[in-house]
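The values are calculated or read from the model by the stated rules, or taken from the named source; none is laboratory data. Because the structure is predicted, anything quoted here is derived from the model rather than measured. Virtual Cβ from ideal backbone geometry, glycine too; neighbours counted across all protein chains shown. For accessibility, only protein heavy atoms count, side chains too; no ligands or nucleic acids. Shrake-Rupley method; radii C 1.70, N 1.55, O 1.52, S 1.80 Å.
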Amino acid sequence: MHSLRSRLREKRSGISDTLRSSLDRAICRHIQKLVKDISARSIACYWPFNGEPDLIPLCRKLLKEGCEIALAVISRTEPGAMRFCSWQAEAKLHKNRYGIFEPPGGHSLALNHFDMLIMPLVAYDRAGNRLGMGAGYYDRHLEEFKHDPSPLRVGAAYSLQEIDLIDTNDWDIPLHGVVTERGWFTLVE
């Protein structure tokens, strides 16, 4: 699994800046349409890292349109734990131990507060399985929502990250769908 993760991360990182910018804009357009289609008002997202799609321009736009945006924050004291904290576009961010920007803390929101949770990933398959970076933050955070339709669990990825099948474990939490530059794909659970 480690070598698969490494190969896919290299493939994702190998996208040229020009192409990445174009792909990110397309992904943002499709997510914006999905937000509108499901009337989402509260969205949990992530700050892009290591070649992940950059959704921050969309988050800024959604904030201006009145949506509430929260970003993932890794716990400094509890190993493997994360939470989602409210974010404003002008807020000063801090880097966590992985070098990912986060809101400085403050107001934490429960997952059942959100209409949509947008997650980064290394790979996905059409069965709704997601391969993350390997630390299990999202799976642990989503454990109690495994069979719950809310929040809508959306993977954000480039189409080149799709693979045939991901081996799963009991603790893996499936996605409801993935947004790529090609659009929104509902996944079969």
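Taking Cα centre as origin and charging only the Cβ of basic (Lys, Arg, +1) and acidic (Asp, Glu, -1) residues, the dipole magnitude of the chain rounds to 640 debye.
With contributions of -39500 (n - 2.57) from each DSSP H run of at least four residues, the per-residue ellipticity at 222 nm computed over the chain stands at -8000 deg cm²/dmol.
For segment 1-132, the carbon plus sulfur part of the accessible surface works out to 52%, probe radius 1.4 Å.
Could you pull out every whole DSSP H run in the chain that spans at least 20 Å of Cα extent along its own axis and averages -1.0 or higher on the Kyte-Doolittle scale?
Helices meeting the criterion: 17-37.
A simple spin-label model places the labels of residue 63 and residue 95 2.1 nm from each other, with each point 7 Å out along Cα-to-Cβ.
Here the simple spin-label model places points 7 Å from the Cα toward Cβ, and for residue 38 and residue 140 these points are separated by 2.5 nm.
About its Cα centre, segment 50-107 has a charge dipole of approximately 160 debye under the convention of +1 per Lys or Arg Cβ and -1 per Asp or Glu Cβ, with nothing else charged. Is any residue of segment 94-117 close enough, with backbone N under 11 Å, to a label point placed 7 angstrom from the Cα of residue 86 along the Cα-Cβ axis, and if so, which? 106-109, by backbone N distance to the label point.
For the peptides 162-173, 81-92, 43-54, the ranking by mean Cβ contacts within 10 Å, running from highest to lowest, is 43-54, 81-92, 162-173. Solvent exposure of the chain, expressed per residue, is 51 Å² of accessible area, with all protein chains present and a 1.4 angstrom probe. Dipole orientation for the chain: of the candidates 80, 16, 178, 16 has the Cα lying most toward the positive pole (charges on Cβ; Lys, Arg +1; Asp, Glu -1).
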